[in-house]
Amino acid sequence: MSREFLVVDDDPTFTRVLARALTRRGYNVSVARSVSEALVCARAQPPALASVDLKMEGPSGLELIETLKAINPEVRILILTGYASIATAVDAIKLGAVNYLPKPADADQILAALQQVAADAERPIAADPMSVDRLEWEHIQKVLSAHDGNISATARALGMHRRTLQRKLQKRPVRR
């Protein structure tokens, strides 16, 4: 298997730390801070593995998955995000990502997620349910996804003011 690894994230500190950690583990790392930069890197050196941030300036990381798969059908893609939601995780997997991790994640967690071949049926199920705040976040993400990211249409569907929805979307989701 090729040792080419593409890191796509707009956070310069995170990309620097991750690239250094992956290089120490023997990977040839390319770093891109946007979807357009990632396409240039991937065409120049097709990656075997890729870590793609979901939310960046410009197009979403989800838009990159199919193109990376077209460049190298064997590429294993991990979506990594600070804005984790069930709706985007499902979309990422449907588009061809092999896994999805919430930030913060270190190099070992990223490599383990990329190398995971099968789902873990033995994984323990959390005993405590999601908080109301987390359920609200998940519902907003589901409705937003159903409206193709259109904030105004989502606000209308949720029966809330557009600015209120924008404020909620700017906040980081609660963990549980």
Return yes or no: is GLY61 closer than 19 Å to LEU101 by Cα and of a type in the set (Gly, Ala, Ser)? yes
Here are ALA19, ALA50: which of them is free of Cβ contacts under 8 Å to residues at least 60 places away in the same chain, in a helix (DSSP H, G or I) and open to solvent by less than 30 Å² (accessible area, probe 1.4 Å)? ALA19
Meets criteria (in contact with a strand residue (DSSP E or B) (Cβ under 9 Å, 6 or more places away or on another chain), part of a strand (DSSP E or B) and free of Cβ contacts under 8 Å to residues at least 40 places away in the same chain) for LEU101: yes
Considering residues of the range 77-98 that are buried (at least 18 other Cβ atoms within 10 Å of the Cβ) and touching a Lys or Arg at 6+ places or on another chain (Cβ under 7 Å) only, the residue farthest from VAL52 (Cα to Cα): VAL98
Filter the range 53-70 for residues that are part of a loop (DSSP other than H, G, I, E, B) and in contact with a strand residue (DSSP E or B) (Cβ under 7 Å, 6 or more places away or on another chain); the one that is modelled with the lowest pLDDT is LYS55
Tally, over the range 140-156, of residues that are open to solvent by 60 Å² or more (accessible area, probe 1.4 Å) and part of a helix (DSSP H, G or I): 3
Matching entry among VAL7, VAL31 (being open to solvent by less than 40 Å² (accessible area, probe 1.4 Å) and either part of a strand (DSSP E or B) or at pLDDT 95 or above (or both)): VAL7
Quick one: in the range 157-176, which of the residues that are under 23 Å from LYS103 (Cβ atoms) and outside any helix (DSSP H, G or I) is modelled with the lowest pLDDT? ARG176
What number of residues in the range 102-111 are modelled with pLDDT of 85 or more and either in contact with a Cys (Cβ under 9 Å, 6 or more places away or on another chain) or surrounded by 13 or more Cβ atoms within 10 Å (Cβ to Cβ) (or both)? 4
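The values are calculated or read from the model by the stated rules, or taken from the named source; none is laboratory data. Everything quoted here is computed from the prediction, not taken from an experiment. Positions of Cβ are backbone-derived with ideal geometry, glycine not excepted, and every protein chain shown enters the neighbour counts. For accessibility, only protein heavy atoms count, side chains too; no ligands or nucleic acids. Shrake-Rupley method; radii C 1.70, N 1.55, O 1.52, S 1.80 Å.
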